[in-house]
Amino acid sequence: MHRKTIVLGVTGASGSAYAVRLAQILLLADCEIHIVVSDAARQVALRELGTSLPTESADSAAWLKFLTTAFDNAPSNSWGMRDVELPTESRIAVHSFRDYSAGIASGSFLTDGMVICPCSMGTLSSIANGASTNLVQRAADVHLKERRPLVVVPRESPLGLIALENMTRLTHAGATILPSMPGFYHNPASIADLIDFIVARICDHLAVEQTLMKRWGADD
């Protein structure tokens, strides 16, 4: 069975929990993940999760340990997230935000898709205009030019005209814009349910199997 390779870019918008939960689910689905985190994303995560993301020099083992305990601190320990035991053989590659020598900076490095979760308006703007000033932006540009799935998960409200135009431009270029706007038709009982709603939709667009929520129209 083909093991999917997914690039996960994490930037400085609100919604760190989506990124952490997504990483957990991708690993549980036996995906290989390549993680790139911006400096701003680390600041946001500390505020929102009550814990620091692994440092830029941290290895895959440090990330695996972090992902098993990421929701153990206040305030995220009150959200209803269940404990997750990740496979010890999980495949995680960690890249510096500024490392253009990473494989994911080239179209010759094969992947099954990329997601930027959450995606700041600055990152969205840079990708829409081809800036490629860091590895997240460059990897996103690679996925667009190679016609591979690119899922962008913005978190901003309200949305200004410039942001909307940038989203339209990225959509025309082939990206999927998937705002972190959870639905309520699945009757969520906790913040964890709202997080899983978005993560489930991201997985669907990356063609990664998940059972996080009941699908609309599915039999009881």
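Each reported figure results from applying straightforward, stated rules to the coordinates on display, with no laboratory input. All values derive from a computational prediction rather than experimental measurement. Cβ coordinates were reconstructed from backbone atoms using ideal geometry, including for glycine residues, and neighbour counts include every protein chain displayed.
Given the convex hull over the Cα atoms of the chain, what projected area results after averaging over all orientations, in nm²?
Details: hull surface 49.2 nm².
One quarter of the hull surface, i.e. the mean projection, equals 12.3 nm².
Which of CYS117, GLY174, LEU161 sits closest to the plus end of the dipole of the stretch 5-205, meaning its Cα is farthest towards the positive end, when Lys and Arg get +1 and Asp and Glu get -1 on the C-beta?
LEU161
Could you please rank GLU89, GLU56, placing first whichever residue has the fewest other Cβ atoms within 10 Å of its Cβ? Write down the numbers at each step before the final one.
Working: GLU89 8, GLU56 16.
Ordered from fewest to most neighbouring Cβ atoms within 10 Å, GLU89, GLU56 come out as GLU89, GLU56.
Could you tell me how far the Cα centroid of the stretch 178-192 sits from the Cα centroid of the stretch 3-32, in Å?
Taking the Cα centre of the stretch 178-192 as reference, the centre of the stretch 3-32 is 18 Å away.
Order by neighbour count: THR133, THR51, fewest other Cβ atoms within 10 Å first, most last. Show your work: numbers first, answer last.
Numbers: THR133 11, THR51 18.
Fewest to most other Cβ atoms nearby, the residues stand as THR133, THR51.
Taking only DSSP H segments of four or more residues, each worth -39500 (n - 2.57), what value at 222 nm results for the chain once the sum is divided by all its residues, to the nearest 500 deg cm²/dmol?
Values: 7 runs with 81 residues, N = 220.
When only DSSP H runs of four or more count, the value is -11500 deg cm²/dmol.
Need the list of lysines near LYS145 for cross-linking: C-alpha distance under 22 angstrom, and skip anything on the same chain fewer than eight residues off.
Straight-line reach from LYS145, under 22 Å: LYS4.
Straight-line reach from LYS214: which aspartates and glutamates have Cα under 12 Å away, leaving out those fewer than 8 places along the same chain?
ASP193, ASP196
Once the mean 1/r over all distinct Cα pairs of the stretch 159-220 is inverted, what Kirkwood radius in angstroms do you read off?
Details: mean 1/r = 0.0744 Å⁻¹.
For the stretch 159-220, the Kirkwood estimate is 13.4 Å.
Sorting MET167, MET181 on the 10 Å Cβ count, fewest up front, what's the list? Could the numbers behind the result be given before it?
Details: MET167 21, MET181 13.
Ascending Cβ contact count within 10 Å gives the list MET181, MET167.
Give me Rg over Rh for the stretch 47-94, both radii from the alpha carbons and Rh done the Kirkwood way, two decimal places.
Values: Rg = 11.4 Å, Rh = 11.6 Å.
Computed over Cα atoms, the ratio is 0.99.
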